[in-house]
Amino acid sequence: MAFAVARTRDEAQLYLELHPCPDCGSVDAPWEPALVDVDGELASSYAAICPGCSAEREYLFGLPARETPVQGWPTFGGPEPSEILDAGQWLDVADSALAAVPTDPAEAGRVLAIAQAAVAEVIKFVPAGWDAVPEDEFWTPEGQAVRDAEPGRFRLERLLVARDTYAGMAREVSGTGAR
């Protein structure tokens, strides 16, 4: 039984945040990560008891073939596209982060880093030589809704501008000129 791979802890945590309890809608859960054996296959397990309704919850993710080097925060993955979040979901994460940028410069820099990293994840869905994310990289209803609302936002040139703009905003807020 193959599981979709969570490339890093940051990516798994984001996935968990985006999937509230199906019984009560709570997003707060004390997730306990563990390495488990499922029918002879190692998997990463995240289990919790929902504090809202006491439902037992567990998500299983495949392990990456190689370790993803962590370079700063957040590190969602390596050069390959995500298997657990589609291109539209990543752009929605960026949009949600931008809509919630706080006034505190340190916190604003962290939120803008999430937006920039999420757009960088969308870019990974654009195959070499293509100018946009292919339609089959939107496999969830949420991701398809984001694409359907504004398909032009998934053109590579726009994604690159957005990524670089968010990185510049993060530098400006934090008062650093470094990239």
Extension gain from D37 to L160, taking 0.36 nm per residue of separation minus the Cα-Cα distance = 40.3 nm
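How large is the helix-only mean residue ellipticity at 222 nm for the chain, computed as the sum of -39500 (n - 2.57) over DSSP H runs with n ≥ 4, divided by its residue count, in deg cm²/dmol to the nearest 500?
-12500 deg cm²/dmol
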remark   = For P79, the net charge from surrounding residues (Cβ-Cβ under 12 Å; K, R +1; D, E -1) works out to +1
ask   = What is the distance, in nm, between label points placed 7 Å from the Cα along the Cα-to-Cβ direction at A99 and at L18?
value = 1.5
request  = Using Cα centres only, tell me the gap between the range 1-56 and the range 87-149 in whole Å.
outcome  = 21
query = Ignoring ligands, DNA and RNA, what percent of the 1.4 Å accessible area of the chain is carbon and sulfur?
reply = 53
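Assuming R0 = 35 Å, can you tell me the calculated FRET efficiency for the pair W73 and A149, based on Cβ-Cβ distance, to the nearest 0.05?
Plugging the Cβ-Cβ distance into 1/(1 + (r/R0)^6) gives 0.75.
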request  = Round to the nearest 10 and report in Å² the accessible area of F138, as given by a 1.4 Å probe over the protein chains' heavy atoms.
outcome  = 10
message = Taking the solvent-accessible surface of protein heavy atoms with a 1.4 Å probe, what is the per residue accessible area of the range 44-179 in Å²?
response = 54
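The values are calculated or read from the model by the stated rules, or taken from the named source; none is laboratory data. If you're wondering where the values come from, they're calculated on a predicted model, not measured in any experiment. Cβ sites come from the backbone with ideal geometry, for glycine too, and all protein chains shown count toward neighbours. Protein only, heavy atoms only, side chains kept; ligands, DNA and RNA dropped before computing areas. Shrake-Rupley method; radii C 1.70, N 1.55, O 1.52, S 1.80 Å.
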